[in-house]
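The values are calculated or read from the model by the stated rules, or taken from the named source; none is laboratory data. Bear in mind the structure is a predicted one, so any value in this text is a computation, not a measurement. Because the Cβ atoms are built from the backbone with ideal geometry, glycine has one as well, and the counts that use them run over all protein chains shown.
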Amino acid sequence: MKHWIKKLLYIFALCGIIYFWGIVVLGYLIDNGYTNSLSEMIGIDTWTSIDIPVSNQQIHTYISQHHEDKQAIYTAYGYINGTGLNSTWWFPSDVANNIGFKFIIDGIETRKVFLATIKKESEKLWIDYTLVLSSLLWEQIRIASKWLRWELKDILIHSTPTLLRSYNISLGIGGIKLSTARQIAKEAKLYGYGDVFWNYTDETLTTMLTTSDYWQGIYPTYLVKNIITRWQLSWYDISHNPGVVGTLYNMGNPNDKPPHDTPEIGWSVIPIGKHKYVYWWISLWLYRYLKIYTSVF
């Protein structure tokens, strides 16, 4: 009799252990996205409740041709339009109709060498060149919007749209500092794809970053590549997160910001029109806008 009692207790204990570890494993699988439960929850909470109006055919056409981007587009639309409900515009009207914004967007294609360099180098480095442009263009829009005062507004309105070059601390179209440029070259060589770079004097490097559209395309592209590579080496893929990449681009890919599983977006403010926006938001807008609305892609 005692033998059967011991055997029964053993079976109960074994079932308890199996049940406990089953709960632990199931919790892990749900938390890390290995079950349908989390996928359904994400879909409901972040994008299936957002309605992109049928009147915005360009977005729907793009989604039909790039189904893999569907969730990202719905999520971006929600960010851009608040709830996204009953909104016809991809950008809020105060941004879309802003003179500085339109000046920069219309000016992208005027920098032929700059654009061709980013395209070529991005393809060589296996990165999305839209990500490079969305990381640097928000600074262009900030500069253009900042200039829209008094007589400068009239000058900009009647000028040929183009991308602007900075001659201050951050140089050229990409807004790259000398110290950042040297760090870009150093890291690219460390990662094994920096053969395009040489050791330049400060004077030569300044000239390259402010007068050569080729080099103004090279340094931003390799900065984005370095950002993605550094995170990939820590087993984090941020190549599909324009907000995070744009944030790190603005910071110059600092070494004191180690890769981790909950990357934060930056909150630096950019005034456009009558409102203020954080720059990661602008990067997110630009990334999707360039993908859907512009002919350069």
I need the full set of residues from segment 93-130 which are within 17 Å of Tyr293 (Cβ to Cβ) and either touching a helix residue (DSSP H, G or I) at 6+ places or on another chain (Cβ under 6 Å) or free of Cβ contacts under 8 Å to residues at least 12 places away in the same chain (or both), in order please. Ser93, Val95, Ala96, Phe101, Phe103, Ile104, Tyr129, Thr130
Return the residue satisfying two criteria in turn: it lies in segment 110-131 and is under 18 Å from Thr210 (Cα atoms) and part of a helix (DSSP H, G or I), and of such residues it is modelled with the lowest pLDDT. Thr110
Considering residues of segment 172-205 that are outside any loop (DSSP other than H, G, I, E, B) and in contact with a Ser or Thr (Cβ under 6 Å, 6 or more places away or on another chain) only, the residue farthest from Met251 (Cα to Cα): Tyr191
Please state which one of Tyr249, Tyr287 is farther than 30 Å from Gln57 by Cα, at pLDDT 85 or above and either of a type outside the set (A, V, I, L, M, F, W, C) or in contact with a Leu (Cβ under 7 Å, 6 or more places away or on another chain) (or both). Tyr249
Could you tell me which residue of segment 206-220 is nearest to Arg165 (Cα to Cα), considering only residues that are polar (S, T, N, Q) and assigned to a helix (DSSP H, G or I)? Thr210
Out of Leu171, Leu205, report the one residue that is surrounded by fewer than 21 Cβ atoms within 10 Å (Cβ to Cβ), modelled with pLDDT of 85 or more and touching a Lys or Arg at 6+ places or on another chain (Cβ under 9 Å). Leu205
Say whether the condition of being modelled with pLDDT of 90 or more and more than 24 Å from Tyr277 (Cβ to Cβ) is met by at least one residue in segment 141-159. no
Within 15 Å of the chain's Cα centre (by Cα), in a loop (DSSP other than H, G, I, E, B), assigned by TED's automatic domain parsing to the domain that holds Thr180 and of a type in the set (S, T, N, Q): is that true of Asn253 in this structure? yes
Scan segment 90-100 and tell me whether some residue there is modelled with pLDDT under 75, within 22 Å of His240 (Cα to Cα) and over 19 Å from the mean Cα position of the chain (by Cα). no
In segment 221-239, the residues that are more than 11 Å from the chain's Cα centre (by Cα) and either surrounded by fewer than 19 Cβ atoms within 10 Å (Cβ to Cβ) or not in a helix (DSSP H, G or I) (or both): Gln232, Leu233, Ser234, Trp235, Tyr236, Asp237
Of the residues that make up segment 249-264, is at least one surrounded by 16 or more Cβ atoms within 10 Å (Cβ to Cβ), in contact (Cβ under 8 Å) with a residue 12 or more places away in the chain, touching a Phe, Trp or Tyr at 6+ places or on another chain (Cβ under 8 Å) and among the acidic types (Asp, Glu)? no
I'd like to know if segment 247-254 contains one or more residues that are under 21 Å from Ala72 (Cα atoms) and not aromatic (Phe, Trp, Tyr). yes
